[in-house]
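**Q** Just dropping this structure here.
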Amino acid sequence: MGSQAAASFLTNIARAAFSVGIGATVLNASLYTVDGGQRAVLFDRFRGVIEDTVGEGTHFLVPWLQKPFIFDIRTRPHTFSSVSGTKDLQMVNLTLRVLSRPEVNRLPDIFKTLGLEYDEKVLPSIGNEVLKAVVAQFNADQLLTERPHVSALVRESLIRRAKDFNIVLDDVAITHLSYGAEFSKAVEQKQVAQQEAERSKFVVAKAEQERRAAIIRAEGESESAKLISDATAAAGMGLIELRKIEAAKENASSMCRNGNVVYLPSTNNMLLGVNPGR
């Protein structure tokens, strides 16, 4: 009798434990938690996606019949690059950063059409589309000189385009802009050409100044020659003789100070110290 009672007791405990385990499993399968900054969309096997969005907290569901899908509704950054052509046919590399989040009221529609990875499916494609459309309206140099205007156009167009997919963009910014090798080479050639043009202007200005100086010198020499001619006509050849004497004195003075000058007699006998009678 004692052994039968013990066996019966153990059997009852096992049944109770099994029942508790089944109950705990069912209870655990019937609960799901939505953390802060998240929302849930329920899928019902009979009704499909339920239109009501489930907020934060712990909630009940019917096991096997319903399944929750959790969405992160916090703002998240996304960065992508695009190679676009400008109005003057130059290729430009742009990097765009956006801060996006879903429209909470439209999460069931987002789940139906795009799924959980809605942002990865939508933002790169519409970002490239908007960048190419906006950049094509400007020349390459205008992207730098009118960058605030370009950024504003990109922001407005991208926000409007993302709204079609129930996505809210809190911020849109162009973080990087660079030109292709051909444009950089063209800019360098333009700078060289500008420097050559400035140099040519300087050469022309210098030649003009030299021409004016030559004219002024010629006019001065002409005026000097006229004055000398007038003085000669008035005073005779005496002025010229006086200038010759002054020039000779200046030459003699310079030669006296030069030790390399040798003076020779003016006679025909060039052999000094030789007795002419022998």
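The values are calculated or read from the model by the stated rules, or taken from the named source; none is laboratory data. Please read these numbers as outputs of a predicted model, since none were measured by experiment. As a convention, Cβ positions derive from the backbone with ideal geometry for all residues, glycine included, and neighbour counts pool all protein chains shown. For the accessible areas, the whole protein counts, side chains as well, though only heavy atoms, and no ligand, DNA or RNA atoms are used. Shrake-Rupley method; radii C 1.70, N 1.55, O 1.52, S 1.80 Å.
**Q** Tell me which residues, restricted to region 1-53, are of a type in the set (Ser, Thr, Tyr), modelled with pLDDT under 90 and not in a helix (DSSP H, G or I).
**A** Of region 1-53, the ones of a type in the set (Ser, Thr, Tyr) are 3, 8, 11, 19, 25, 30, 32-33, 53.
Now drop any that are not modelled with pLDDT under 90, which leaves 3, 8, 11, 19, 25, 30.
Matches in region 1-53: 30 only.
**Q** Here's a follow-up. Is it the case that residue 169 is surrounded by 11 or more Cβ atoms within 10 Å (Cβ to Cβ) and more than 24 Å from residue 126 (Cβ to Cβ)?
**A** no
**Q** Mind telling me which of the residues 108, 63, 77, 68 ends up being more than 18 Å from the chain's Cα centre (by Cα) and modelled with pLDDT under 90?
**A** 63
**Q** Filtering region 48-64 down to residues that are of a type in the set (Val, Ile, Thr) and over 21 Å from residue 109 (Cα atoms), which residue is surrounded by the fewest Cβ atoms within 10 Å (Cβ to Cβ)?
**A** 58
**Q** So, one more: Does residue 79 satisfy being open to solvent by less than 30 Å² (accessible area, probe 1.4 Å), β-branched (Val, Ile, Thr) and farther than 19 Å from residue 104 by Cα?
**A** no
**Q** Something else now. So how many residues does region 32-57 have that are without any contact (Cβ under 8 Å) to a residue 24 or more places away in the chain and over 20 Å from residue 101 (Cα atoms)?
**A** 5
One line per residue, one yes/no per condition, for (1) among the polar types (S, T, N, Q); (2) in a helix (DSSP H, G or I); (3) without any contact (Cβ under 8 Å) to a residue 60 or more places away in the chain:
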| position | (1), (2), (3) |
| --- | --- |
| 59 | no, no, yes |
| 105 | yes, yes, yes |
| 125 | yes, yes, yes |
| 130 | no, yes, yes |
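One line per residue, one yes/no per condition, for (1) aliphatic (A, V, I, L, M); (2) part of a helix (DSSP H, G or I); (3) modelled with pLDDT of 80 or more:
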| residue | (1), (2), (3) |
| --- | --- |
| 174 | yes, no, yes |
| 188 | no, yes, no |
| 198 | no, yes, yes |
| 202 | no, yes, yes |
| 221 | no, yes, no |
| 228 | yes, yes, no |
